[in-house]
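Where a number appears in this text, it was derived from the coordinates with a stated rule and is not lab data. Computed from a predicted structure; not experimentally measured. Positions of Cβ are generated from backbone atoms using ideal geometry, with glycine treated the same way; all protein chains shown enter the neighbour counts.
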Amino acid sequence: MKEYIIVDGYNVINNWREFTAVREQNLEHARELLTALVAEFAAFRGLEAIVVFDAIDVPGSAESERLHGIEVVYTAEGETADSWIERKTYELGRKRQDSIYVVTGDYAEQLNILGSGGYRISAREFHQQYLKAKKEITARLHHPVGGLNRRELGDRVDGSVLERLEQLRRSK
């Protein structure tokens, strides 16, 4: 069973305060930043990730590429990210074995996702989940359990058992 997270890219960029200044100066850079943070989140949580950007007013066909281990999709001319996401969610949801989480702040889109068997995550909720994951990553990097490459008994035993063992050790 796979777990997917599909992100409506411009919806997140337009809803997170962190992207406000970046998107006004350089939208391409905002897309790159979002792609990198989604890749980090997906890798940490063990998710297959897809970030979708509208290309509704850009001539040409749909494009897809792999960046940082995730799929980045630019929709075809005349196609919205919402319609691409709905179609992909339905396609993945037909199997009924995979979990599909869709990140969007668009209420109508959220209803369609639920109807296709997916789970909706608002842009705000995703922001909170991302910040929580970032803290967990930082904690793991700065506080390795039991030292580097060491498996100590104290890392695997309940605290009350450790206290009792320590009492026994000191009583001798």
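Odds and ends about this structure:
- Helix-derived mean residue ellipticity, 222 nm - over the chain, DSSP H n ≥ 4, -39500 (n - 2.57), to 500: -16000 deg cm²/dmol
- Length gained on full extension, ARG66 to ARG17, computed as 0.36 nm times the residue gap minus the Cα-Cα distance: 15.0 nm.
- Relative exposure of ILE85, ILE50, judged by other C-beta atoms within 10 Å (fewest first): ILE50, ILE85
- Lysine pair count for the chain [Cα-Cα under 28 Å; pairs on different chains or 8 or more apart]: 7
- Cβ-Cβ FRET estimate between GLN97 and GLU77, R0 fixed at 30 Å, reported to 0.05: 0.35
- In the chain, the DSSP beta bridges split such that about 25 percent are antiparallel, to the nearest 5.
- For the chain, the Cβ-based charge dipole about the Cα centre amounts to some 1460 debye (Lys, Arg positive; Asp, Glu negative; other atoms uncharged).
- Derived from the Cα gyration tensor, the three semi-axes of the equivalent ellipsoid of segment 3-146 are 25, 20, 14 Å, largest first.
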